[in-house]
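The values are calculated or read from the model by the stated rules, or taken from the named source; none is laboratory data. Please read these numbers as outputs of a predicted model, since none were measured by experiment. For neighbour counting, all protein chains shown are included, and Cβ atoms are generated from backbone atoms with ideal geometry for every residue, glycine included.
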Amino acid sequence: MTVMEKRSVEPLLPMTAAMFHVLLALADGDKHGYAIMKEVTRLTDGAVSLSAGTLYGILRRLESEGLVVEKEERPAPELDDERRRYYHLTEFGRRVARAEAERLEDMVELARSKKLMVKVKPI
């Protein structure tokens, strides 16, 4: 077992909403920075819009914690812009994202038990 596989996710929780949105954007595949920004905006119906400065600050932090890595592999040159940096969600990053999603789900269940939420939104 690697150090990251043994590492506890709890010290990284709770996450900021912006950090969690970046992990969600990477959950279904590698993306470059601009694609991450577009995906966050799409997933939130425009409610969250990350600036480039905010995004790259988050990516640096996520990289330093071992949640994402910059990919060395690149698409074919005719499909790519050489200035782009591509990011990949690590297995540890996936574990952290899953733990944060479960934490948020528990909070929503608690809010429902207190009658703060009465109807379930369709997915």
Quiz item: In the range 36-85, what count of residues is obtained for those that are in a helix (DSSP H, G or I) and either surrounded by 10 or more Cβ atoms within 10 Å (Cβ to Cβ) or touching a strand residue (DSSP E or B) at 6+ places or on another chain (Cβ under 8 Å) (or both)?
Solution: 19
Quiz item: Quick one: is Leu23 surrounded by 17 or more Cβ atoms within 10 Å (Cβ to Cβ), in a helix (DSSP H, G or I) and modelled with pLDDT of 95 or more?
Solution: yes
Quiz prompt | Of residues in the range 92-123 being of a type in the set (Gly, Ala, Ser) and either under 16 Å from Ile36 (Cβ atoms) or modelled with pLDDT of 95 or more (or both), the one surrounded by the most Cβ atoms within 10 Å (Cβ to Cβ) | solution = Gly93
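Just to be sure before I move on: is Arg95 under 30 Å from Met117 (Cβ atoms) and touching a residue at least 12 places away in the same chain (Cβ under 8 Å) in the structure I sent? Walk me through it before giving the result.
Working: under 30 Å from Met117 (Cβ atoms): yes; touching a residue at least 12 places away in the same chain (Cβ under 8 Å): yes.
Taking the combined requirement at face value, the residue satisfies it.
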Exercise. Name, by its number, the condition in (1) within 23 Å of Glu105 (Cα to Cα); (2) modelled with pLDDT of 95 or more; (3) surrounded by fewer than 17 Cβ atoms within 10 Å (Cβ to Cβ) that does not hold for Leu89.
Key: (3)
Quiz prompt | Identity of the residue in the range 16-49, under 21 Å from Asp80 (Cα atoms) and among the basic types (Lys, Arg), that ends up nearest to the chain's Cα centre (by Cα) | solution = Lys31
Quiz item: Before we move on, is Asp28 of a type in the set (Asp, Glu), surrounded by fewer than 13 Cβ atoms within 10 Å (Cβ to Cβ) and at positive phi?
Solution: no
Quiz item: When you scan the range 17-50, how many residues do you find that are touching a residue at least 40 places away in the same chain (Cβ under 8 Å) and touching a helix residue (DSSP H, G or I) at 6+ places or on another chain (Cβ under 9 Å)?
Solution: 12
